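The values are calculated or read from the model by the stated rules, or taken from the named source; none is laboratory data. What you are looking at is a predicted structure, and each value in this text was computed from that prediction instead of being measured. With ideal geometry, Cβ positions are generated from the backbone for all residues, glycine too; neighbour counts draw on all protein chains shown.
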């Protein structure tokens, strides 16, 4: 994971300081439900927090978090180079959500 994170370009790399990256085996039922996924669907990563574009001066900051889900990643990416690339894509994708970038724009950027 370290190599994948070290190669993330700015401005995404600077945003890493604003989020915690956590690794869990699988998403919780709540995380799947809130992501609009069924229990049998996989999820590589999830951003939970308040995007930069929604911050308010009078808000108490809650921890922003990106969770990577080990089981789905290891199941789908057996090759270590492919796994490293998918971790990179997943983290950049979730950081983009933190930065307020919409799904449609992520598709245009190739990180969907």
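When you check residue 26 against the structure, is it touching a helix residue (DSSP H, G or I) at 6+ places or on another chain (Cβ under 7 Å) and within 21 Å of residue 111 (Cβ to Cβ), yes or no? So residue 26 fails the test.
Listed by position, the helices (runs of 4 or more DSSP H) inside region 12-112 whose residues that are buried (at least 18 other Cβ atoms within 10 Å of the Cβ) number at least 1 are 12-15, 29-34, 70-76, 80-98. It is to be established whether one or more residues within region 13-25 are farther than 30 Å from residue 81 by Cβ and either touching a strand residue (DSSP E or B) at 6+ places or on another chain (Cβ under 9 Å) or modelled with pLDDT of 85 or more (or both). Among the residues of region 13-25, not one is farther than 30 Å from residue 81 by Cβ and either touching a strand residue (DSSP E or B) at 6+ places or on another chain (Cβ under 9 Å) or modelled with pLDDT of 85 or more (or both), which makes the answer no. If the condition is being surrounded by fewer than 13 Cβ atoms within 10 Å (Cβ to Cβ) and under 17 Å from residue 98 (Cβ atoms), then region 2-11 contributes 9, 10, 11. Within region 26-43, being at pLDDT below 90 and under 21 Å from residue 95 (Cβ atoms) holds for one residue alone: 42.
On the given criteria, is residue 95 more than 18 Å from residue 111 (Cβ to Cβ) and at pLDDT 90 or above? Write out each step before concluding.
Numbers: more than 18 Å from residue 111 (Cβ to Cβ): no; at pLDDT 90 or above: yes.
So residue 95 fails the test.
Residue selection: residue 83 fails the criterion of being in contact (Cβ under 8 Å) with a residue 60 or more places away in the chain, touching a helix residue (DSSP H, G or I) at 6+ places or on another chain (Cβ under 7 Å) and at negative phi.
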